[in-house]
Amino acid sequence: MFITILLSILSTTASGEEKCEQGGNCKLPSCRCAVNDLTFHKINSKDIPQFILLTFDDALNILNNVTYTDIFLSGKKNKKNSCPITGTFFVTHEYNDYTLVHKYWRHGNEIASHSISHKPYHDYWKNANEERVKDEMTDMRLMLSKYALIEESEITGIRAPFLQTSGDDFFNTISKNKFKWDSSMPTRRYSGNENVLKLYPYTMDYGYKQDCVIPPCPSEKYNGFWIVPMVMQYTDMELEDGSTIEVPCSMLDACSPQPETKEETLTFLKTNFNFHYNSNRAPLPLFLHETWLKNENRKQGYLEFVDWALTKDDVFMVTISEMLDYFKDPKPLSSYTQKKCVKTPTPNKCNSKSVCQYNKEDTPFEGPRIMSTCTPCPEVYPWLKNPTGERS
């Protein structure tokens with residue numbers, strides 16, 4: 001059954017569609033065709049910066065702050081330009097500490113929307129109409145801006161919970177509500193070993209151009225809206241007969257079997273790095289939930305991989321938006337300049353922390369809630385349909 005579905009996905013082709021030709025009606029920086037080379041720009045693969053995208057999903061709080069500090073606030077730098085490494089956080093509201101969001105943002109990391117509720121029901125997201133998408137995703141951006149003191153214009157990206165979109169209802173809503181890019185869409189077609197060219201980011205001026213791994217996928221065009229493909233990573237699974245097969249996963253923590261030792265983790269990450277580095281150098285997505293690193297061996301292997309990759313002067317660990325800026329104006333490695341390089345954190349606007357406690361009468365739940373914010377406490381616990389926490 002799995003093989004049948006996979007072959008169906010891999011054999012899907014776009015027939016009768018308008019062809020996207022770079023430089024014709026599709027011109028950078030607002031339009032980019034879904035291609036996996038830079039020959040149009042006369043740049044060969046060895047002259048492309050190898051971007052590594054470190055991203056984490058869900059709330060920031062005291063449970064994961066130590067891990068994030070070890071990664072992003074411990075002095076790790078890109079070798080070529082000495083810029084501190086940065087990543088992208090896809091943030092949800094429940095259990096989120098907005099003062100920590102502000103802290104990581106002022107050190108140059110990117111903040112993106114990952115919904116208010118993160119409800120654990122796939123059908124809730126699969127069938128989400130435009131109103132629900134707006135309530136969840138756009139209002140989460142509002143809350144990040146209001147409680148973490150970040151301009152809404154700086155929160156441009158989005159990821160659907162469980163990578164489950166509602167197709168055009170989802171993309172129509174986020175594109176017209178001033179989001180600029182999405183990273184929710186896995187691809188098997190452009191994954192695999194070093195002989196497979198990975199897919200670069202592209203805009204949806206000519207529609208959705210990759211395999212539909214988690215339907216429904218969009219069928220309409222969205223001019224100027226960027227897709228950051230979740231190029232899958234691979235791990236080996238041993239079968240009963242002693243042979244092995246490659247198992248794909250769009251998030252590292254979904255790979256099975258999981259690496260358990262530092263050495264296994266390091267090998268896993270280096271292998272997938274080489275799939276990108278030795279082919280067309282499409283951005284390497286290391287997409288995670290922090291709980292994967294609660295295993296101390298995996299954490300040490302992850303940190304060792306980061307340090308190993310940073311010994312290369314053609315590797316850059318940057319935010320998704322920084323990576324997209326490159327693909328809007330590709331240049332050879334020798335001419336690449338990182339646009340946002342925060343060697344000194346921006347001024348702290350979150351000068352006081354409010355720890356807000358709400359009893360069940362002031363929440364939509366059966367129990368109390370708590371939140372930490374850079375602002376005075378809202379009257380009631382902010383939630384869907386009431387992101388500013390105003391008492392009705």
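The values are calculated or read from the model by the stated rules, or taken from the named source; none is laboratory data. Note that the structure is a prediction, hence the values are computed from the model and not measured. Neighbour counts run over all protein chains shown; Cβ positions are idealised from the backbone, glycine included. All accessible areas refer to the heavy atoms of the entire protein, side chains included, with ligands and DNA or RNA removed. Shrake-Rupley method; radii C 1.70, N 1.55, O 1.52, S 1.80 Å.
Which percent of the Cα-Cα distances in region 147-250 go past 22 Å? It would help to have the intermediate numbers written out before the result.
Values: 2097 of 5356 pairs.
Pairs farther apart than 22 Å: 39 percent.
Give the Cα extents of region 246-392 along the principal axes, in whole Å, largest first.
Cα spread of region 246-392 along its principal axes, largest to smallest: 58, 40, 26 Å.
Treat each spin label as a single point 7 Å out from the Cα along the C-beta direction, and report the E361 to T244 distance in nm.
6.2
For the chain, restrict the atom set to alpha-carbon positions and state the Rg and Dmax in Å.
Expressed in Å, the Cα Rg and Dmax of the chain come to 20.8, 64.
Tally Lys/Arg at +1 and Asp/Glu at -1 over every other residue whose Cβ is under 15 Å from the Cβ of K294; what's the total? Kindly include the intermediate steps, with their values, before the conclusion.
Numbers: positive: K262, R298, K299; negative: D57, D58, D70, D253, E260, E290, E296.
Result for the neighbourhood of K294: -4.
Is any helix in the chain, taking whole DSSP H runs, at least 15 angstrom long along its axis by alpha carbon and on average at least -1.0 on the Kyte-Doolittle scale, and which ones? Working shown, then result.
Details: long enough: 262-277 (22 Å, -0.77); 296-309 (20 Å, -1.14).
Correct list, ordered by number: 262-277.
Per 10 Å bin, what is the whole-percent P(r) computed from every C-alpha pair distance within region 100-182?
All Cα pairs, binned at 10 Å, distribute as 19, 52, 25, 4 percent.
Given a cut-off of 19 Å, name the pairs among K180/K331; K80/K340; K77/K340; K80/K180; K270/K331; K42/K328 whose C-alpha atoms lie farther apart than that in the structure shown. The partial results should precede the final answer.
Details: K180/K331 22 Å; K80/K340 14 Å; K77/K340 13 Å; K80/K180 28 Å; K270/K331 26 Å; K42/K328 15 Å.
With Cα atoms farther than 19 Å apart: K180/K331; K80/K180; K270/K331.
Taking the solvent-accessible surface of protein heavy atoms with a 1.4 Å probe, what is the per residue accessible area of the chain in Å²?
Details: 17220 Å² over 392 residues.
Result: 44 Å² of accessible area for each residue.
Which ³J(HN,Hα) values in Hz, rounded to whole numbers, follow from the phi angles of region 364-381 under the Karplus curve 6.51 cos²θ - 1.76 cosθ + 1.60, where θ = phi - 60° and Gly and Pro get x?
Running phi through 6.51 cos²θ - 1.76 cosθ + 1.60 with θ = phi - 60° gives x, 10, 8, x, x, 9, 9, 8, 10, 9, 7, 10, x, 5, x, 4, 10, 5 Hz.
When the Cα atoms of region 20-63 are enclosed in a convex hull and the volume is divided per residue, what value in Å³ results?
135
Count charges around T187 for me, please; just the other residues with Cβ under 11 Å from its Cβ, Lys/Arg as +1, Asp/Glu as -1. The partial results should precede the final answer.
Numbers: positive: R188, R189, K198, K209; negative: D211.
Taking every other residue near T187 into account, the sum is +3.
Run lengths n ≥ 4 of DSSP H only: what is the helix-derived mean residue ellipticity at 222 nm for the chain, with -39500 (n - 2.57) per run over all residues, to the nearest 500?
Numbers: 10 runs with 94 residues, N = 392.
Using -39500 (n - 2.57) per qualifying helix, the result is -7000 deg cm²/dmol.
Return the FRET efficiency for the residue pair M237, D307: r is the Cβ-Cβ distance, R0 is 35 Å, and the value is rounded to the nearest 0.05.
Values: r = 28 Å, r/R0 = 0.80.
Using R0 = 35 Å, I get an efficiency of 0.80.
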